[in-house]
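What follows is a short report on a single structure.
The values are calculated or read from the model by the stated rules, or taken from the named source; none is laboratory data. Predicted model, so just to flag it, every value in this text is computed and none were measured. Cβ placement follows ideal geometry from the backbone for every residue including glycine, while neighbour counts extend to all protein chains displayed.
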Amino acid sequence: MEIEALIRAIPDFPIPGILFRDITPLLKDKQGFRQAIDLFVERFNGQGIDYVVGIEARGYILGAPIAYAIGAGFIPVRKPGKLPHQTLTEQYGLEYGTNSLEIHADAIGQGDRVLVVDDLLATGGTAAATRRLLERLGAVVSAFAFLIELDGLHGREALQGSDVVTFVTY
């Protein structure tokens with residue numbers, strides 16, 4: 001089974017002109033979900049990753065089982081006001097606006113090796129903001145891993161100098 005067949009396209013979501021790649025059918029499918037997680041695990045198991053950092057919200061769905069499977073801890077990066085302790089904040093641009101992300105100020109230690117996981121790489125703004133947060137905490141970003149890449153939006157350019165792994169490209 002190809003996981004790409006379980007990703008549906010939703011036109012004009014969340015705003016007109018955006019073609020949203022919806023992974024909920026993939027998550028619902030037992031074999032498809034396992035296959036998707038296994039792609040990440042096969043690529044990053046044994047790489048000395050201390051923490052998997054999941055970007056809200058679909059990055060949590062993928063990142064937590066990956067962290068468990070590779071023997072790493074899991075760190076959430078969230079939208080503002082969702083974390084209960086002292087945080088660091090970074091702003092970023094989306095293909096349809098701006099937002100910001102937060103991480104607990106004590107989430108990562110100097111030199112910790114992290115894998116950043118999210119469902120989709122578009123413009124790279126979210127991932128680049130996450131990298132800035134992690135660098136402020138002294139982490140070493142081993143790689144960025146995304147289930148999907150929207151190649152035409154050139155998100156890799158925002159992550160130059162980093163290992164970027166994707167499994168499905170549109």
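In table form, for the structure just shown:
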| quantity | calculated |
| --- | --- |
| Enumeration of residues in segment 2-20 that are buried (at least 19 other Cβ atoms within 10 Å of the Cβ) and not in a helix (DSSP H, G or I) | 7 |
| Single residue of segment 23-49 satisfying the filter (aromatic (Phe, Trp, Tyr) and touching a strand residue (DSSP E or B) at 6+ places or on another chain (Cβ under 8 Å)) that is surrounded by the most Cβ atoms within 10 Å (Cβ to Cβ) | 40 |
| Failed item in (1) under 30 Å from residue 12 (Cβ atoms); (2) in contact with a helix residue (DSSP H, G or I) (Cβ under 8 Å, 6 or more places away or on another chain); (3) surrounded by fewer than 22 Cβ atoms within 10 Å (Cβ to Cβ), with residue 124 passing the rest | (3) |
| Residue selected from segment 116-170 under the condition under 23 Å from residue 6 (Cβ atoms) and part of a loop (DSSP other than H, G, I, E, B), by the criterion modelled with the lowest pLDDT | 122 |
| Matching option when the condition is touching a residue at least 24 places away in the same chain (Cβ under 8 Å) and either farther than 27 Å from residue 142 by Cβ or among the small types (Gly, Ala, Ser) (or both), among 55, 15 | 15 |
| Enumeration of residues in segment 48-91 that are in a loop (DSSP other than H, G, I, E, B), touching a Lys or Arg at 6+ places or on another chain (Cβ under 6 Å) and closer than 17 Å to residue 118 by Cβ | 49, 56 |
| Residue within segment 104-115 that is modelled with pLDDT under 95, closer than 29 Å to residue 34 by Cβ and surrounded by fewer than 18 Cβ atoms within 10 Å (Cβ to Cβ) present | no |
| Selection status of residue 85, free of Cβ contacts under 8 Å to residues at least 40 places away in the same chain, surrounded by fewer than 16 Cβ atoms within 10 Å (Cβ to Cβ) and not aromatic (Phe, Trp, Tyr) | yes |
| Of all residues in segment 137-166 being among the small types (Gly, Ala, Ser) and touching an Asp or Glu at 6+ places or on another chain (Cβ under 9 Å), the one that is surrounded by the fewest Cβ atoms within 10 Å (Cβ to Cβ) | 138 |
